[in-house]
1. Does Asp43 satisfy the criteria of being open to solvent by less than 20 Å² (accessible area, probe 1.4 Å), part of a strand (DSSP E or B) and in contact with a Ser or Thr (Cβ under 7 Å, 6 or more places away or on another chain)?
2. With respect to Asp161, is the statement that it is out of contact with any Lys or Arg (no Cβ under 7 Å at 6 or more places or on another chain), surrounded by fewer than 18 Cβ atoms within 10 Å (Cβ to Cβ) and within 30 Å of Ala99 (Cβ to Cβ) true?
3. For the stretch 220-238: of the residues being open to solvent by 50 Å² or more (accessible area, probe 1.4 Å) and small (Gly, Ala, Ser), which is farthest from Ala39 (Cα to Cα)?
4. From the list Leu48, Leu27, which one is open to solvent by 30 Å² or more (accessible area, probe 1.4 Å), within 15 Å of the chain's Cα centre (by Cα) and modelled with pLDDT of 95 or more?
5. So the check is Cβ under 8 Å with 6+ separation or different chains; which pairs have a first residue in the stretch 176-200 that's without any contact (Cβ under 8 Å) to a residue 40 or more places away in the chain and a second one that's among the polar types (S, T, N, Q)?
6. With respect to the numbered conditions (1) acidic (Asp, Glu); (2) open to solvent by 40 Å² or more (accessible area, probe 1.4 Å); (3) under 17 Å from the mean Cα position of the chain (by Cα), which one is the sole condition not fulfilled by Glu201?
7. Looking at the stretch 65-75, which of its residues are outside any loop (DSSP other than H, G, I, E, B) and crowded, with 16+ Cβ neighbours inside 10 Å?
8. Given the conditions (1) open to solvent by 30 Å² or more (accessible area, probe 1.4 Å); (2) of a type in the set (Val, Ile, Thr); (3) part of a helix (DSSP H, G or I), which single one is not true for Ile62?
Amino acid sequence: MKVPARFRVGVCSHAGLVRSANEDDYLLASAAAPDFLFAAGADGRGGLAGGAEASRTALRAIAAVALEAAGGGDVAAALRAGFAAAARRVAETGATMPALHDMGTTATVLCLAADGAHIGHVGDTRLYRVRDGALARLTQDHAVRAPDNRLTRCLGGGKADVTIDEQSTPTAAGDRFVLLSDGAWNALPDGVLLRLAGRGEAAAVAEALVAHALAAGSADNATAVVVDVAEPAASGFREAELPRDERPDDRSLWPRAGRLPGTASAWALLVAGALLLALAALRAAGVAGGLPGWLSVWLGV
């Protein structure tokens, strides 16, 4: 994708060691303005139908509105309008099917513009800033960790409106912004996070953060988005190559995704039961023509 020349970006997302599906999503987008970048991360509510759909729907709805301010509009107002549109969109999507009624997602958005960084946030996907060797967390979690690890605020969840945290802050050359889903930050103490995020190219840092989270035992989806701010003098656009796949192509470098306990045996029982029902139906119907001889004998037809 084309990225304004004054920014460097890196992303990495992985389903984790246990989950077979990735409900995290991220979105990077730029507009005609050479000093505007949209970066966002979202984590669909784990274990609920439609988590992946909720995160994808929300980020695209927010971006569609926020990018309209790229030419010098009120970015903070555009973010508020974008989150409101996303809440309606997720609620509408959830209303289409009973199984999706409670689908929801976190969403944390960073808009970098000529006048600084504008942030919109709901849930527990975190945004950090590394500046002059120090790590600062710019968002607060809307979640209760004990005893049931639940979100107290999100997009969706059966609601068509949302209250977000928002702030605007100046940026400086050398700033590094790091977006992390809880599957990543929950496994990375601040000291480790700073050590990993404090050096290296943005793309390599994003992969290192996710890889270390998995190595530390994170069972959840893990996503990292890294954005560096360069000198304001940089102009125009540059081509940034982002990973096409959820994980790097060289899978030997990554832990293998685990299997949920009992998944294989449950599927085996399901298939066996369906086969037995089909055979019983054939036997009851007296169907023999066209069946192999050994099967006809086995069925007694």
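The values are calculated or read from the model by the stated rules, or taken from the named source; none is laboratory data. These numbers were taken from a predicted model, which means no experiment stands behind them. Here the Cβ positions follow ideal geometry from the backbone for every residue, glycine too, while neighbour counts run over all protein chains shown. Ligands, DNA and RNA are excluded from the accessible area calculation, which covers all protein heavy atoms including side chains. Shrake-Rupley method; radii C 1.70, N 1.55, O 1.52, S 1.80 Å.
1. Yes; evaluated as a whole, the condition is true for this residue.
2. Spelling it out, Asp161 is indeed out of contact with any Lys or Arg (no Cβ under 7 Å at 6 or more places or on another chain), surrounded by fewer than 18 Cβ atoms within 10 Å (Cβ to Cβ) and within 30 Å of Ala99 (Cβ to Cβ).
3. The extreme case among them is Ala233.
4. Of the residues listed, the single one that is open to solvent by 30 Å² or more (accessible area, probe 1.4 Å), within 15 Å of the chain's Cα centre (by Cα) and modelled with pLDDT of 95 or more is Leu27.
5. Hits for this filter: Asn186/Ser218; Ala187/Ser218.
6. (3)
7. Val65, Ala66, Leu67, Ala69, Val75
8. (1)
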